[in-house]
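The values are calculated or read from the model by the stated rules, or taken from the named source; none is laboratory data. Bear in mind that the values here come from a model prediction, so they are computed numbers and not experimental data. Cβ coordinates were reconstructed from backbone atoms using ideal geometry, including for glycine residues, and neighbour counts include every protein chain displayed. In case anyone asks, the SASA skips ligands and DNA or RNA and just uses the protein heavy atoms, side chains included. Shrake-Rupley method; radii C 1.70, N 1.55, O 1.52, S 1.80 Å.
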Amino acid sequence: MEFQWYPGHMSKAKRAMQEDLKLINVIIELVDARVPLSSKNPDIDPMANGKSRIILLNKCDLADPVVTAQWKKYYEERGFFVSLVNSKNGKGVKQVNEVIQSACKEKIERDRRRGILNRPIRAMIVGIPNVGKSTFINSFAGKACTKTGNKPGVTKGKQWIRLNKNVELLDTPGILWPKFEDQTVGLRLAFIGSIKDELSNQYELCLLLMEYLRDNYPSVLAEAYQIEQEENDIKLLESIAKRRGCLKTGGELDLDKAANYVIDDFRNGRLGNISLECPDR
Ligand code: G4P
């Protein structure tokens with residue numbers, strides 16, 4: 001299976017992001033906790049140029065907590081401030097405020113030494129599509145936030161969300177493009193649904209997912225569908241099709257339909273907490 005990506009306005013978006021980056025102190029980058037490396041676009045790193053960096057391992061409710069802890073350590077060792085969040089139910093979202101303060105400690109102290117008080121930290125959310133940027137902003141900013149208008153001369157055309165007296169967030173997130181010169185990365189992004197499903201054959205995708213699960217989370221499918229473990233994945237998919245009543249009009253098993261169920265169940269966490277990559281492999 002081959003994945004390709006043709007981002008229409010990539011260079012324009014990249015330039016816009018470079019402009020936005022000039023306005024902020026800290027970059028808050030969302031990655032998907034199930035694929036914290038594949039869902040991160042490394043092109044942001046050279047653009048970040050000296051800014052404080054935060055990585056939020058979002059959708060941590062879907063990932064394997066043991067592996068997520070390894071990723072936290074991995075990124076911390078590389079100079080990022082890291083936090084785990086579930087933007088959907090809000091868990092860990094509030095704590096991001098403290099992480100921002102820690103990440104910008106030096107700037108806050110520098111301001112204080114110069115007698116500049118109450119200058120808010122300015123932050124921007126970035127991430128590839130579907131990683132949860134809008135959900136996070138809604139949860140983080142909540143209802144209490146006030147939108148600050150344009151500030152003449154400085155931030156013309158930009159909307160800021162005032163989170164509290166210390167932090168302002170750029171209203172629109174920066175959209176990074178998924179980057180997958182490496183096909184494994186493409187495959188992992190397809191598993192989580194970050195690549196449009198029309199680009200991939202769902203049956204084939206499902207068998208690849210089943211292969212990964214067999215190697216890394218061996219009993220997860222048998223347990224989720226309450227079926228016997230089978231020795232090969234096609235047999236296992238047939239059992240799932242039977243269990244879920246996936247039949248074609250003639251009564252024949254509909255494996256495409258079963259494949260869709262498996263992928264959908266995985267994406268929604270119904271197969272349990274599963275990570276698709278580890279720092280060491
Ligand atoms: P984006 O702005 O980065 O493109 O992503 P967006 O917020 O639109 O979120 C993409 C999908 O991910 C949404 O699901 C959203 O609910 C889900 N999501 C975001 N954060 C989390 C999280 O921490 N945990 C889980 N489990 N899901 C999360 P959707 O199916 O597209 O929409 P909806 O039906 O949930 O509204």
Taking amide H positions as placed in the peptide plane 1.01 Å from N, state which residues far from E29 in sequence (5 or more) or on other chains have amide H under 5 Å from it.
-> I54, I55, L56, V126
Rounded to the nearest 0.05, what FRET efficiency do R113 and N138 have when you use their Cβ-Cβ distance and R0 = 30 Å?
-> 0.25
In the chain, what percent of the accessible surface is made up of carbon and sulfur (1.4 Å probe, ligands and nucleic acids excluded)?
-> 49
Using helices alone, what [θ] at 222 nm do you get for the chain, with -39,500 (n - 2.57) per DSSP H run of 4 or more residues, divided over all residues and rounded to the nearest 500?
-> -12000 deg cm²/dmol
Using the Kirkwood radius over Cα pairs, work out the Stokes-Einstein diffusion coefficient for the chain at 37 °C and 0.692 mPa s, in µm²/s as a whole number.
-> 160
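Within the chain, which is the longest segment that contains none of the GluC sites (Glu not before Pro) sitting in a DSSP loop with at most 12 other Cβ atoms within 10 Å?
On the way: sites that count: E2, E181, E228, E231, E252.
It works out to 3-180.
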Semi-axes (Å, rounded, descending) of the ellipsoid equivalent to region 60-100 per its C-alpha gyration tensor are 17, 15, 5
Can you tell me the 0 to 90 degree angle between the C-alpha axis of helix 10-21 and the longest principal axis of the chain, rounded to 10?
-> 40
For the pair D254 and K242, the simple spin-label estimate (label points 7 Å beyond Cα toward Cβ) gives in nm 1.9
Toward the positive end of the charge dipole of the chain, about the Cα centre and with charges on Cβ (Lys, Arg +1; Asp, Glu -1), which of L208, Q159, G50 goes farthest?
-> Q159
Structure shown: which of K59/K179; K73/K105; K158/K196; K72/K133 lie over 24 Å apart, alpha-carbon to alpha-carbon?
-> K158/K196
Please give the per residue accessible area of the chain, computed with a probe of 1.4 Å over protein heavy atoms only, in Å².
-> 53
Taking only Cα atoms and a 10 Å spring cutoff, compute GNM fluctuations for the chain and point out the largest among V85, V66, V262.
-> V66
Which value, in debye to the nearest 20, gives the size of the charge dipole of region 184-254 about its Cα centre, when Lys and Arg are +1 and Asp and Glu are -1 at the Cβ?
-> 200
Reciprocal mean inverse distance between Cα atoms of region 22-124 - Kirkwood radius, Å | 14.4
Highest-fluctuation residue, M124, M210, M47 considered, GNM on the chain with Cα pairs under 10 Å = M47
Selected from I128, I227, I54 as most flexible by GNM, with the chain as the system and alpha-carbon contacts under 10 Å = I227
Would you mind checking the tilt of helix 255-267 against the longest principal axis of the Cα atoms of the chain, expressed as 0 to 90 degrees and rounded to 10?
-> 30
All other residues with a Cβ under 12 Å from the Cβ of D264 taken together, and with Lys, Arg as +1 and Asp, Glu as -1, what is their net charge?
-> +2
